[in-house]
Amino acid sequence: MECLIVKKILTLTSLFLASSLAHADQGFDTCVSSLKQKAADAGISAKTISESLDQVNYVQRVIELDNKQPEFSQTFDNYFTKRVTDWRVKEGRRLLKEHKPLLLKLQKTYGVPPQYLMAFWGLETNFGAYKGKMPVIDSLVTLACDPRRSSFFTSELIQALKLKQTYQFSREEMIGSWAGAMGHTQFMPSAYARYAVDADGDGKADLWHSTEDALSSAANFLHQLGWVRNERWGREVQLPASYDYKYLGTDDPQPLITWAELGVKKANGQPLATPQMQAALYLPAGHTGPAFLGYDNFKVIMRWNRSEYYAIAVGHLADRINGAAPLHIAPPEQANFSREKLKQLQNKLNEKGFDVGEADGVLGTRSRAGLQDYQRSVGLIADGFPDEKTLKRIGLQL
């Protein structure tokens, strides 16, 4: 009897899965048909649409990676130490010398110093060694058919199809990241279309095969994003023991003279220079980790990738390539918070009257501000970081 029941359950499960997969396939096919029409409306040729979308594949792995981006799922220690490595510093210095004439030309034209272009190149693709392995069109169609960011990725797909049509890129050439970023510097299709430069003069802005095109395009991109000539990205700093964390994060920039008056110094203890510049304080690992002041160019880096972790990694890697020493305070090892745990924290803050909005598991500006207010209310260091003391005080366990 038990065997019969088990067999029935397995049979019903198989039928359910088969039905679900068939329904999913129908939904994807319907979405692809809609995308074909949108591409036609955007002026894409029938030939390009057919070549690109007739045999397109849904890639489940793309959705999984979209829901687990490292900037939101890793501790600062885990993220930073995997990206700012001795190998990348050494290789960046070697390539800086190798491409020095081009890099100095780009600095003169666009205002971006060579070490920053090396840092972006190193973080994006290990200096061109790994440009991704997923078919760009498959990735973009998969994401365009997912409701979370459908509009954004539909727009990116249209741009990718236009690039394919303009430059006659083959499917085999158009390989990139899970999100559809392409080439040495991992440009999304919209960035490729707007900022890519044919620097080597072969009639094609080719970010996969031409290092000259790729580095020139990166410099142009940063220039167009607002890179401030003759200014650095920011720096590691030393906070005074008396600092009350009143000013913290991207929404609380202050003049450098204000930071100096508050007792903030360079990481080596020397006085902070005070030109007429604004800077915001970042504590990616809380008050026990390194502290950074980010200048206007820090915000430019974040326009390339909306992650404080990423911007700090780019800035510090550029400094290291340019000869600077490692951080004075190494990122401490910390527990990795799941999105579910952060949702629980956000719900607790809302329950206690510290409005952080909908619990989404991402500790953004509003959530950090609410957490700071809570920490102050209970006499904890108000660094906006969910350390063990804070979690225990609010009623959560690691």
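The values are calculated or read from the model by the stated rules, or taken from the named source; none is laboratory data. Quick caveat, the model's predicted, so the values are computed rather than measured. Neighbour counts run over all protein chains shown; Cβ positions are idealised from the backbone, glycine included. Keep in mind that these areas ignore ligands, DNA and RNA; they rest on the heavy atoms of the full protein, side chains included. Shrake-Rupley method; radii C 1.70, N 1.55, O 1.52, S 1.80 Å.
Worth a mention:
- Remark: pairs (first residue in segment 252-279, at positive phi; second residue outside any loop (DSSP other than H, G, I, E, B); Cβ separation under 8 Å; 6+ apart in sequence or on different chains) = Gly269/Gln238.
- Taking the conditions (1) within 24 Å of Leu283 (Cα to Cα); (2) touching a His at 6+ places or on another chain (Cβ under 8 Å); (3) not basic (Lys, Arg) in turn, Val237 satisfies each one other than (2).
- First in segment 175-189 and without any contact (Cβ under 8 Å) to a residue 60 or more places away in the chain, second anywhere and β-branched (Val, Ile, Thr) and open to solvent by 20 Å² or more (accessible area, probe 1.4 Å), Cβ under 9 Å, 6 or more apart: Met182/Ile175; Pro189/Ile158
- Criterion (at positive phi and free of Cβ contacts under 8 Å to residues at least 24 places away in the same chain) met by exactly one of Gly234, Gly201, Gly226: Gly201
- Elements of type helices (runs of 4 or more DSSP H) contained in segment 62-102, each with 1 or more residues being modelled with pLDDT of 95 or more: 76-83, 86-98
- For segment 30-55, a tally of residues being open to solvent by less than 90 Å² (accessible area, probe 1.4 Å) and assigned to a helix (DSSP H, G or I) returns 14.
- Segment 154-194: number of residues that are open to solvent by 40 Å² or more (accessible area, probe 1.4 Å), among the aromatic types (Phe, Trp, Tyr) and within 19 Å of Ala144 (Cα to Cα): 1
- Evaluation of Gln334 against the conditions (1) touching a Ser or Thr at 6+ places or on another chain (Cβ under 7 Å); (2) assigned to a helix (DSSP H, G or I) shows that the sole unmet condition is (2).
- Among the criteria (1) surrounded by 14 or more Cβ atoms within 10 Å (Cβ to Cβ); (2) of a type in the set (Gly, Ala, Ser); (3) under 23 Å from the mean Cα position of the chain (by Cα); (4) under 25 Å from Pro240 (Cα atoms), the one Ala330 does not fulfil is (1).
- The single condition among (1) at pLDDT below 95; (2) open to solvent by 10 Å² or more (accessible area, probe 1.4 Å); (3) under 21 Å from Ser307 (Cβ atoms) that Gln397 does not meet is (3).
- Selection count where residues are open to solvent by 40 Å² or more (accessible area, probe 1.4 Å), of a type in the set (D, E, K, R) and assigned to a helix (DSSP H, G or I), scope segment 200-236: 1
- Residues that are in contact (Cβ under 8 Å) with a residue 24 or more places away in the chain and either touching a Cys at 6+ places or on another chain (Cβ under 9 Å) or open to solvent by 20 Å² or more (accessible area, probe 1.4 Å) (or both), drawn from segment 237-251: Gln238, Leu239, Pro240, Asp244, Tyr245, Tyr247, Leu248, Thr250, Asp251
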